[in-house]
Amino acid sequence: MSRFEEAIERARRGAPNQPRFATPSLDDGPEVQLSVRLPKGLRSAVSATAAERGMTVTAFVDRALHQAVIEANDSFAGLAADLARNVRSEIRSAIDDGTYREAAAEVDRDEAWS
């Protein structure tokens, strides 16, 4: 079994069968204060990423937390997120070890003959 197939199987085993709560309840009620301590580097990355997307840090964190809760509690969303992370990891690994370059060259050669 390939590493990719193993990653898919791990994601499937870890996906819950049913959401633990109805996601619309995430937006119910008044806003409340949440305070967390982060490493300085993470805080800087959050701020820079939010700015690049034209968002405030508060809006970016709210969106990220909302998405994380949905992925953790919805089996389909969680599985899709796990698969996307695993695919990115496999591609990154293939780029690092040269496999991606070899595969791309093979595709280019095949397309040249088409």
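What follows is calculated from the coordinates using simple rules that are stated; it is not laboratory data. Remember, it's a predicted structure, so these values are computed and weren't measured experimentally. Note that each Cβ is placed from the backbone with ideal geometry, even for glycine, and that neighbours are counted across all protein chains shown.
I need the calculated FRET efficiency for the pair GLN33 and MET55, taking r as the beta carbon distance and R₀ as 25 Å, to the nearest 0.05.
It comes to 0.85.
What are the ³J(HN,Hα) values, in whole Hz, obtained from phi via the Karplus relation 6.51 cos²θ - 1.76 cosθ + 1.60 with θ = phi - 60°, for each residue of the stretch 82-87 in sequence order, with x given for Gly and Pro?
Those phi angles translate into 4, 4, 4, 4, 5, 5 Hz.
Hey, what's the Cα Rg ratio for the chain versus the globular rule of thumb, 2.2 N^0.38 Å?
Compactness ratio reported: 1.47.
Ordered by residue, what ³J(HN,Hα) values in Hz, to whole numbers, does the stretch 62-75 give under the Karplus form 6.51 cos²θ - 1.76 cosθ + 1.60, where θ = phi - 60° and Gly and Pro are x?
Result, rounded to whole Hz: 4, 5, 5, 5, 4, 4, 5, 5, 4, 4, 6, 10, 10, 4.
If I model a spin label at VAL69 and ALA94 as a point 7 Å from the Cα along the Cα→Cβ vector, what separation in nanometres do I get?
Label-label distance for VAL69 and ALA94, simple model: 3.7 nm.
For the chain, what's the relative contact order in percent, using C-alpha pairs closer than 8 Å and at least 6 residues apart? Write out the running numbers ahead of the final one.
Values: 52 pairs, mean separation 42.2, N = 114.
For the chain, the relative contact order is 37 percent.
Fewest to most neighbouring Cβ within 10 Å: what's the order for LEU65, LEU79?
Ranking LEU65, LEU79 by Cβ neighbours within 10 Å, fewest first, gives LEU65, LEU79.
Roughly how tilted is helix 99-113, in degrees to the nearest 10 and between 0 and 90, from the longest Cα axis of the chain?
Long axis of 99-113 versus the principal axis of the chain: about 60 degrees.
In nanometres, what is the gap between the two model label sites at LYS40 and ARG10, each 7 Å from Cα along Cα-to-Cβ?
3.3
In degrees between 0 and 90, to the nearest 10, how far off the longest principal axis of the chain does helix 3-14 point, with axes built from Cα atoms?
So the helix axis and the longest Cα principal axis differ by about 30 degrees.
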